[in-house]
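Reviewing the structure listed below.
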Amino acid sequence: MKLKATIFLSMLLLYSCGKCDKDVLLGEIQLAEASRQSIPYSGTEILVFEDNHGVQHRLTSMKGRELLQSKMIVRTPCDEGFFDKQHLYYDTQREQIAFFDSSGIQIFYIDLVTQFEDAADLDDIAVYDFLLVDSSLKGNFNGRIEIITSERQNRVSDFHKNQFWNQSVALGDTTLFGRKFEDVYIGTSGDNRSIFYNKKKGILAFVLDENEFWVLTE
């Protein structure tokens, strides 16, 4: 115990005698309301999916929809080691929700955050809200959706946006397993596994292979 206390005090002393100045708060950016509406779940609902065999799968959220406080670091003007850094940052928000099957296994989660595209001039960085939907069925990654939901400051370059389209594609209005959906996005895993999502209903379907799928029921 004495050794741990000595190490802690030594680290604290090193930190307090650091060369870097204190972190600088540049401002506060809350998630845009339009971005928050991209998550259609309250966290109290039961999602029912039917598979290709007619078996129903019920998903629920254990913690519900969580709104958390976060930091977006845009510059580190001083870096003298792990305990001695100076950051320029924004206070931001993060919204998360995850759904699990009846066995307590996580099937998908959603993460809504504020991110930025860097630029040489601090005033020119592009700030945007970003939605991530990630899924896993039967122990395998099943696809990812990545969407810029709102551009908050300056314009995000086409080059930066194209990095997200490598993971997901906007299909528009489409029919999935006999049901029509509007403004659909598809995310794939590269091995015939995929997920479908829209901002009105959330996850619409999972495709596990060319013969196996889950589709959202009413």
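Structure data summary
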{"read-out": "Environment charge at Glu95 (Cβ cut-off 9 Å; Lys +1, Arg +1, Asp -1, Glu -1)", "value": "+1"}
{"read-out": "Area of Thr174 that stays accessible when all protein chains are in place (1.4 Å probe, Å², to 10)", "value": "40"}
{"read-out": "Pairs from Lys71/Lys201; Lys22/Lys71; Lys180/Lys200 whose Cα-Cα separation, in the structure shown, is over 19 Å", "value": "Lys71/Lys201"}
{"read-out": "Phi-based couplings in Hz for the stretch 104-117 (Karplus 6.51, -1.76, 1.60; Gly and Pro marked x)", "value": "x, 8, 5, 9, 7, 9, 10, 9, 10, 9, 9, 10, 8, 9"}
{"read-out": "Value of [θ]222 nm, deg cm²/dmol, for the chain, DSSP H segments ≥ 4, -39500 (n - 2.57) each, nearest 500", "value": "-3500 deg cm²/dmol"}
{"read-out": "Long pairs among Lys63/Lys138; Lys63/Lys161; Lys85/Lys161; Lys161/Lys199, criterion Cα-Cα beyond 25 Å", "value": "Lys63/Lys161; Lys85/Lys161"}
{"read-out": "Mean-position separation - Cα centroids, the stretch 129-145 and the stretch 30-45, in angstrom", "value": "18"}
{"read-out": "Amide H partners (placed H, <5 Å) of Leu26, local residues excluded", "value": "Tyr89, Tyr90, Asp91"}
{"read-out": "Net charge of Cβ neighbours under 15 Å - reference Lys201; Lys, Arg +1; Asp, Glu -1", "value": "-2"}
{"read-out": "Cα centre as origin, Lys/Arg/Asp/Glu Cβ charges: the chain dipole, Debye", "value": "680"}
{"read-out": "Viscosity 0.692 mPa s, temperature 37 °C, Stokes-Einstein D of the chain from Kirkwood C-alpha radius, µm²/s", "value": "166"}
{"read-out": "Local net charge near Leu68, Cβ-Cβ under 15 Å (Lys/Arg +1, Asp/Glu -1)", "value": "-1"}
{"read-out": "Farthest positive-ward along the chain dipole, Cα basis, beta-carbon charges - from Val113, Ser102, Val133", "value": "Ser102"}
{"read-out": "Exposure rank, largest accessible area first [Leu132, Leu25, Leu122; 1.4 Å]", "value": "Leu25, Leu122, Leu132"}
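The values are calculated or read from the model by the stated rules, or taken from the named source; none is laboratory data. As the structure is a computational prediction, the values presented were derived from the model and not from experiment. Glycine also receives a Cβ, built like all others from the backbone with ideal geometry; neighbour counts cover every protein chain displayed. When the accessible area is computed, the model is the full protein with side chains, heavy atoms only, and any ligands, DNA or RNA have been set aside. Shrake-Rupley method; radii C 1.70, N 1.55, O 1.52, S 1.80 Å.
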